[in-house]
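The values are calculated or read from the model by the stated rules, or taken from the named source; none is laboratory data. Being a predicted model, the structure only gives us computed values, none of them experimental. We place every Cβ from the backbone using ideal geometry, glycine too, and count neighbours over all the protein chains shown.
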Amino acid sequence: MQHVRRDADGAVLLFAGVVRDEDRGRPVAGLTYEAYEEMATAVLRQICEDVLSSSDIGDVAAVHRVGELTVGEVSVAIAIAAPHRDAAYKASREVIERLKREVPIWKRERFADGHETWLDGTTPGPTAGD
Amino acid sequence: MRVRSLFFASYRDLVGAAELDLELPAGSTVSELIQLVRTRPGAQALPESPAVAVNQAYASADTVLQDGDEVAFIPPVAGG
């Protein structure tokens, strides 16, 4: 949050995606994230640049972790700084929605009994701005 | 020409490899590469039209490939 704030900003917003303990009624022990790292970094950077140039915000920063995470750990963080909060809320939402549709990252659920399964995802593709 | 194919997540499990270097006739398209990959043992379960990226940009099935291209087979994404 300190990284994105400038003196002109009246709003600093942090979204944190956190590993939950259940998925559709099944207890989850954790998630393992995998990424096509070079492309994921480039796509996420492009999403941030697009949102920065199309929104009335001052700065945006986004990070996504890969590897094994347990319940309660943060998987993704998006920080937005803006002069006013309305633009900050909208920009934060746009980054996470586009991330979930476009960034080549996958998650594998780990259940208490040791069973693991890749979670169904969203068919990806470029959106306007690519 | 030689093309490097990358497989992630569930596609890696289906194909049985994270990376394959494959020979294709010059001028082949992504579609032809997909067909070639799907002939491999276990890979018939790969969708006929998976999302792909060529050199890290999403690309359509009719994209013409070049020698040395990196083609990633991208299962439905689930980040965040």
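Condition test on A:Thr32, is it within 11 Å of another protein chain (Cβ to nearest Cβ) and either touching a residue at least 60 places away in the same chain (Cβ under 8 Å) or in a strand (DSSP E or B) (or both)?
Against the criterion (within 11 Å of another protein chain (Cβ to nearest Cβ) and either touching a residue at least 60 places away in the same chain (Cβ under 8 Å) or in a strand (DSSP E or B) (or both)), A:Thr32 qualifies.
Going by what's in this entry, would A:Val76 be described as aliphatic (A, V, I, L, M) and under 17 Å from the mean Cα position of the chain (by Cα)?
Here the answer is yes, as A:Val76 does meet what is asked.
Among the residues of region A:35-48, which ones are farther than 16 Å from A:Ala77 by Cα and without any contact (Cβ under 8 Å) to a residue 24 or more places away in the chain?
Scanning region A:35-48 gives A:Glu38, A:Ala42.
Mind listing whichever residues of region B:46-59 are closer than 23 Å to A:Ala35 by Cβ, out of contact with any strand residue (DSSP E or B) (no Cβ under 8 Å at 6 or more places or on another chain) and more than 9 Å from every other protein chain (Cβ to nearest Cβ)?
B:Pro47, B:Ser49
Could you check region B:9-32 and list, in sequence order, the residues that are small (Gly, Ala, Ser) and either in contact (Cβ under 8 Å) with a residue 12 or more places away in the chain or closer than 18 Å to B:Asn55 by Cα (or both)?
Selection gives B:Ala9, B:Ser10, B:Gly16, B:Ala18, B:Ala26, B:Gly27, B:Ser28, B:Ser31.
Condition (residue is of a type in the set (A, V, I, L, M, F, W, C), within 14 Å of chain B (Cβ to nearest Cβ) and closer than 25 Å to A:Arg110 by Cα) applied to region A:2-15: is it met by at least one residue?
Within region A:2-15, one or more residues are of a type in the set (A, V, I, L, M, F, W, C), within 14 Å of chain B (Cβ to nearest Cβ) and closer than 25 Å to A:Arg110 by Cα.
Would you confirm whether or not region B:46-66 contains a residue that is assigned to a strand (DSSP E or B) and aromatic (Phe, Trp, Tyr)? If you could, list the steps in order and put the result at the bottom.
Kept after step one, since they are assigned to a strand (DSSP E or B), are these residues of region B:46-66: B:51-54, B:57-59, B:64.
Checking which are aromatic (Phe, Trp, Tyr) leaves us with B:58.
Yes.
So if I check each of A:Arg108, A:Arg93, which one is at pLDDT 95 or above, more than 8 Å from chain B (Cβ to nearest Cβ) and not in a loop (DSSP other than H, G, I, E, B)? Walk me through how you get there before you give the answer.
On the way: A:Arg108 fails: more than 8 Å from chain B (Cβ to nearest Cβ).
Just a single option satisfies the conditions, and that option is A:Arg93.
Consider region A:35-73. How many of its residues are in a strand (DSSP E or B) and loosely packed, with under 15 Cβ neighbours inside 10 Å?
4
Quick test for you: out of B:Gln56, B:Gln66, pick the one residue that is more than 28 Å from A:Thr117 (Cα to Cα) and over 11 Å from the mean Cα position of the chain (by Cα).
B:Gln66
Considering only region B:1-30, how many residues are closer than 26 Å to A:Glu34 by Cβ, not in a strand (DSSP E or B) and not acidic (Asp, Glu)?
So the answer is 11.
May I ask you to list the residues in region A:35-61 that are touching a strand residue (DSSP E or B) at 6+ places or on another chain (Cβ under 8 Å) and facing chain B (nearest Cβ under 10 Å)?
Taking region A:35-61 first, the residues touching a strand residue (DSSP E or B) at 6+ places or on another chain (Cβ under 8 Å) are A:35-36, A:39-40, A:44, A:47-48, A:51-52, A:55-61.
Within region A:35-61, A:Ala35, A:Tyr36, A:Met39, A:Ala40, A:Leu44 meet the criteria.
Here is a check on your reading of the model: is B:Asp13 away from chain A (no Cβ under 12 Å) and either buried (at least 20 other Cβ atoms within 10 Å of the Cβ) or out of contact with any helix residue (DSSP H, G or I) (no Cβ under 8 Å at 6 or more places or on another chain) (or both)?
So B:Asp13 fails the test.
Give the residues of region A:79-100 that are surrounded by 20 or more Cβ atoms within 10 Å (Cβ to Cβ) and either touching a Pro at 6+ places or on another chain (Cβ under 8 Å) or of a type in the set (A, V, I, L, M, F, W, C) (or both), sorted by residue number.
Within region A:79-100, A:Ala79, A:Ile80, A:Ala81, A:Ala82, A:Ala88, A:Ala91, A:Val95, A:Leu99 qualify.
Results for (1) closer than 21 Å to A:Arg5 by Cβ; (2) among the hydroxyl-bearing types (Ser, Thr, Tyr); (3) out of contact with any His (no Cβ under 7 Å at 6 or more places or on another chain); (4) modelled with pLDDT of 95 or more, shown as yes or no for each residue.
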{"site": "A:Cys48", "(1), (2), (3), (4)": "yes, no, yes, yes"}
{"site": "A:Arg65", "(1), (2), (3), (4)": "no, no, yes, yes"}
{"site": "A:Ala81", "(1), (2), (3), (4)": "yes, no, yes, yes"}
{"site": "A:Arg98", "(1), (2), (3), (4)": "no, no, yes, yes"}
{"site": "A:Arg101", "(1), (2), (3), (4)": "no, no, yes, yes"}
{"site": "A:Gly129", "(1), (2), (3), (4)": "no, no, yes, no"}
